[in-house]
Each structure stands twice: as structure tokens, then as C-alpha cells.
Amino acid sequence: MSNLTVLCLLWIVQFQLTNTVNEVQHKRLLLNDPDVINSRLINLEKSMQDVVRLTQQQQIMQSTIAQLQTQNTNMQSTMAQLETKNTNMQSTITHLQTELTQEKEKVSLLSDRGSTYIRWGRKQCSGLHTEIMYTGFASGQDYHRSNYYGGPANMLCLPNNPELNNRTGTSYSFLSGTEYENGNFFVNGAANEDVPCALCRSVNTSTSIMIPGRESCDSGWKLEYHGILASGHYGNKPSSYICLDSHPEFLQAGEDDKNGHLLYATQTNCGSLACPPYVNNKAINCVVCSR
Ligand SMILES: [Ca+2]
Ligand SMILES: [Ca+2]
């Protein structure tokens with residue numbers, strides 16, 4: 001080894017040692033530096049603050065979770081109550097549907113009911129919740145036959161579309177058409193005209209009555225028609241009392257005076273009949289009511 005080499009090696013070793021000593025001295029300087037310590041304290045304080053903040057957030061989240069769990073429990077309870085209510089409502093709806101069906105059946109039955117009456121002197125019914133069963137001819141026993149005074153007293157409303165019987169009668173009981181006798185008392189031009197009639201059905205009612213002496217119906221009753229009381233002549237054969245419409249019509253081509261069963265206006269005859277309230281020798285109102 002040459003001297004130069006040795007010198008070089010010594011220089012290198014010295015250089016390394018010098019560097020090492022400098023490094024050590026530098027590190028000691030950092031550890032003892034107040035700025036470094038202060039910086040580290042500030043960082044530590046920030047970290048502590050972060051920990052505190054995160055802990056607070058965690059507590060808030062735990063509180064929120066607890067509240068949500070409570071709300072969830074309440075909602076489940078509410079859901080259970082609503083399901084119970086829903087079940088009850090479905091039961092109620094089923095019950096109401098059954099009742100509705102029953103009521104509809106009752107209404108159907110009620111709409112099917114009706115009462116009937118004869119409207120004397122008219123070809124049609126009033127049309128006020130009425131339906132016509134048939135229209136036809138008023139009829140009764142002939143007013144006179146020799147000196148006999150027996151036979152039927154009631155009147156009939158014969159339909160205008162008869163189904164005829166081909167057997168010959170026995171000449172002991174007769175049926176004739178009805179004429180307005182009594183001049184034009186019932187209406188102008190009525191003398192000797194023939195009398196129509198209609199069998200009417202008042203729907204949604206169960207009873208029809210004729211009230212003599214009245215021209216209106218009591219509350220709750222439906223007025224079908226009103227008019228005056230009519231019947232046969234006291235010197236003729238018996239005839240029933242009927243309520244002749246206040247605006248009577250005539251049958252077509254019936255103006256000829258052929259007599260038959262005859263209608264006269266009936267009037268009051270005081271005595272056994274209480275006057276008042278009635279008045280002697282007056283025509284008598286009548287009305288047909290239903291309900
Ligand atoms: Ca006639
Ligand atoms: Ca006549």
C-alpha cells in the first residue's frame with residue numbers, strides 16, 4: 001500500500017466520522033427544539049379534539065339509533081292496530097253489503113206491490129205512479145124490465161178486448177152498458193153518452209179506498225182521482241154507488257139514447273143522515289186514495 005492510498009483512506013474515515021457526529025448533533029438539536037415540541041403538542045391537541053368530536057358524534061348516532069328503534073317499535077304497534085282496524089272494517093263492510101242486498105230485495109218487493117181500483121168515467125189512469133190494467137165499458141143491470149126489481153146491483157168494468165164465450169145465456173140475469181142519464185149534470189154534452197172505465201193499478205201502494213163525502217186524501221195517502229157520487233134512479237132497478245170522475249169522458253159512438261144501465265148523480269137526504277155536517281139535497285163528493 002502506498003502512502004497516497006493510506007492518506008486517502010484516512011481522509012474517507014475522517015469524513016464519515018464528521019458526518020456522523022453532525023447528524024447526532026442535529027438530532028439532539030431537533031429534540032430539544034421548543035418549536036418542534038410546540039408543533040407536536042398542537043398536533044396532539046388537534047387529535048384529542050378529533051377524538052372528542054368523534055365520540056360526541058358516536059353518542060349522537062347512538063341516541064338517534066335508539067330513537068329510531070323506539071319509532072320502529074311504535075310503528076309496528078300502529079301497524080298491528082291498523083291491521084286490526086282493517087280486519088274490523090272488512091267485517092263491517094261485509095255486514096253492510098249483506099244488509100244492502102237485503103234492503104234491495106225489500107225495495108224490489110215493495111216496487112212489485114200495488115193496489116187496484118176502477119176509475120169510472122175515464123178511459124185512462126192518472127199516470128201518477130199508476131199503470132192501466134185495461135180500459136173498457138162501464139156496465140150494470142138494465143134500469144127497467146117489466147115490473148121486476150130484483151137482480152144484481154153492482155157495476156162492472158168490462159174490458160174492451162173480451163174473450164167471448166159461445167154458449168147461449170138463460171135469460172135470467174142481464175148486463176147492459178151504462179149511460180149518463182140525468183141530462184148534462186155530469187158534464188156538458190153527457191146526456192145519453194156511454195160511460196167508459198179503466199182498471200188502474202197504483203204502484204208501491206197496498207190499499208186503495210173510495211171515500212164518499214170527501215174530495216181530498218188524508219196525509220200520507222195518494223189521491224188517485226176525485227169526482228161525484230153516482231148511482232141508479234130510485235124508481236129503477238138497484239145499482240151500486242160509484243165515484244164518477246170529475247171530468248168524465250164518453251165512449252166512441254155512444255151518443256144514441258139506448259138506455260140500459262143508467263147513471264144519475266146521487267144527492268143527500270137528511271133525516272137519518274146527519275145534517276149537519278151534511279146538507280140536504282146536495283151532490284156528494286167522492287175521492288179514491290191509495291197508500
Ligand atoms: Ca148512449
Ligand atoms: Ca138514455
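The values are calculated or read from the model by the stated rules, or taken from the named source; none is laboratory data. If you're wondering where the values come from, they're calculated on a predicted model, not measured in any experiment. Cβ sites come from the backbone with ideal geometry, for glycine too, and all protein chains shown count toward neighbours.
Of the residues in region 267-284, how many are touching a Phe, Trp or Tyr at 6+ places or on another chain (Cβ under 8 Å) and part of a loop (DSSP other than H, G, I, E, B)? Matching residues across region 267-284 total 1. When region 239-258 is filtered for residues that are surrounded by 16 or more Cβ atoms within 10 Å (Cβ to Cβ) and of a type outside the set (Ser, Thr, Tyr), the ones remaining, listed by number, are Ile242, Cys243, Leu244, Asp245, Pro248, Glu249, Phe250, Leu251, Gly254. Candidates Ser216, Ser176, Ser208: the one that is within 29 Å of His129 (Cβ to Cβ), in contact with a Ser or Thr (Cβ under 8 Å, 6 or more places away or on another chain) and either among the polar types (S, T, N, Q) or not assigned by TED's automatic domain parsing to the domain that holds Lys106 (or both) is Ser208.
The residue of region 194-226 that is nearest to the chain's Cα centre (by Cα), among those that are under 30 Å from Asp256 (Cβ atoms) and buried (at least 23 other Cβ atoms within 10 Å of the Cβ), is Cys200. Going through (1) surrounded by 11 or more Cβ atoms within 10 Å (Cβ to Cβ); (2) part of a helix (DSSP H, G or I); (3) among the hydroxyl-bearing types (Ser, Thr, Tyr) one by one, Thr84 falls short only on (1).
Residue under question is Tyr143, and the condition is that it be aromatic (Phe, Trp, Tyr), part of a loop (DSSP other than H, G, I, E, B), surrounded by 11 or more Cβ atoms within 10 Å (Cβ to Cβ) and out of contact with any Ser or Thr (no Cβ under 7 Å at 6 or more places or on another chain); does it hold?
So Tyr143 fits the description; yes.
Identification of strands (runs of 3 or more DSSP E) wholly contained in region 206-266 with 2 or more residues that are away from ligand 1 (no atom under 16 Å from the Cβ), out of contact with any Gly (no Cβ under 9 Å at 6 or more places or on another chain) and modelled with pLDDT of 95 or more yields 208-212, 222-231.
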